[in-house]
Amino acid sequence: MTGLLITVAPTGAETATRDCPQLPTTLDELVSTARECEQAGARMIHLHIRDAAHEPTLDLGYLTDAVQAVREATDLIVQLSTGGSVHDPLEQRLKVLDARPDSCSLTMGTTNFGDDVFSNPWPFVAELYQQTQERQVVPEFELFDLGHVAALHRLLDKHGLPYGGKVHVDFVMGVPGGMPGTTAALVAGVQALPDAVTSWSATGIGRTTLPVMFASLSMGGHLRVGMEDVLTMAKGVPVESNAQLVRRAVEVAELAQRSPMTADEARATMGLPAPQSVAPGAPAS
Ligand code: KMH
Ligand code: ZN
């Protein structure tokens, strides 16, 4: 049985709270979501942060508070999005690393995103990658298209391995403008991955969620789930909570003889050191 890494992406940057009031946007909601999802089997959380008006923000204060709060409340690997929203400027997206997450997303190229454009020009990708290496943040390479797999080859050839030595990628499938959320596209993507890749996960947006989940599990891949990616359990049935999506993923995975990995296994998979244990009474460094 291969251990399963489940990442939860609870909020995203593209859904408004007026359209989905159950979306977790406040710090308290994020922390309780993180706890519930960890309890359900998630081991990593992919965070987009909202401000007091529930709008997406890259404000360093909000980001730092969220990283610290989720770290204190859980053993989840804390991954901050550097993708932000489709409207965020590149300079601000580079500054996300200042919040000192364990991991960050790093999208490997520009993609049409519905009616918008998710901009990731090569110089930005290369700069962000080198900053992750210098600042000891483990990137998760986000692949929205097969061309992004080719860009990953180019990046690793030119700039070497990430901090921690592991290469973890996530296929984000079914975005209108990116690769479709189909088994055929996932097979093509996995077959084209660089040899240096040590683990991969997949998520399907919207109605491609379940087909991508089944395809990934059948190929030994890991899973990302969450309300960033899907807002219905089935046609016309709204998602009630992120934990509901994590629980469904665990149930489906158990049928495929896959169980969630432990927190330590997840950290090892990502090339992160085990959490530092502080001896009782020892001063915090
Ligand atoms: N909000 C999307 C435009 C990421 O987090 O790195 C980009 C996104 C990817 O969600
Ligand atoms: Zn995201």
Practice item. May I ask you to list the lysines whose Cα is less than 27 Å away from that of residue 166, ignoring any residue fewer than eight positions away on the same chain? Key: 95, 158
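Can you give the net charge of the other residues whose Cβ lies under 12 Å from the Cβ of residue 29, counting K and R as +1 and D and E as -1?
Value of the local net charge: 0.
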Point to revise | Relative packing of peptides 192-200, 93-101, 79-87 - highest average C-beta neighbours within 10 Å first | key: 79-87, 93-101, 192-200
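Considering only the chain, what is the antiparallel percent among its DSSP beta bridges, to the nearest 5?
Once the DSSP bridges in the chain are tallied, antiparallel ones form about 20 percent.
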Study note, to complete from the structure: With a Förster distance of 30 angstrom and the Cβ-Cβ distance between residue 214 and residue 19, calculated FRET efficiency to the nearest 0.05 equals 0.60
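Accessible area per residue, 1.4 Å probe, Å², for the chain: what's the number?
43 Å²
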Review point. How many percent of the accessible area of the chain is carbon or sulfur, using a 1.4 Å probe?
Key: 52 percent
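Using only alpha carbon positions, build the gyration tensor of the chain, then give the equivalent ellipsoid semi-axes as the square roots of 5 times its eigenvalues, largest first, whole angstrom. Walk me through the numbers on the way to the answer.
Values: eigenvalues 113, 102, 89 Å².
Taking √(5λ) for each eigenvalue gives 24, 23, 21 Å, largest first.
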Review point. In nm, what is the difference between 0.36 nm times the number of residues separating residue 95 and residue 72 and their Cα-Cα distance?
Key: 6.0 nm
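The values are calculated or read from the model by the stated rules, or taken from the named source; none is laboratory data. Please read all numbers here as calculations on a predicted model, not as lab measurements. We place every Cβ from the backbone using ideal geometry, glycine too, and count neighbours over all the protein chains shown. Remember, those area values only see protein heavy atoms, side chains included, never the ligands or the DNA or RNA. Shrake-Rupley method; radii C 1.70, N 1.55, O 1.52, S 1.80 Å.
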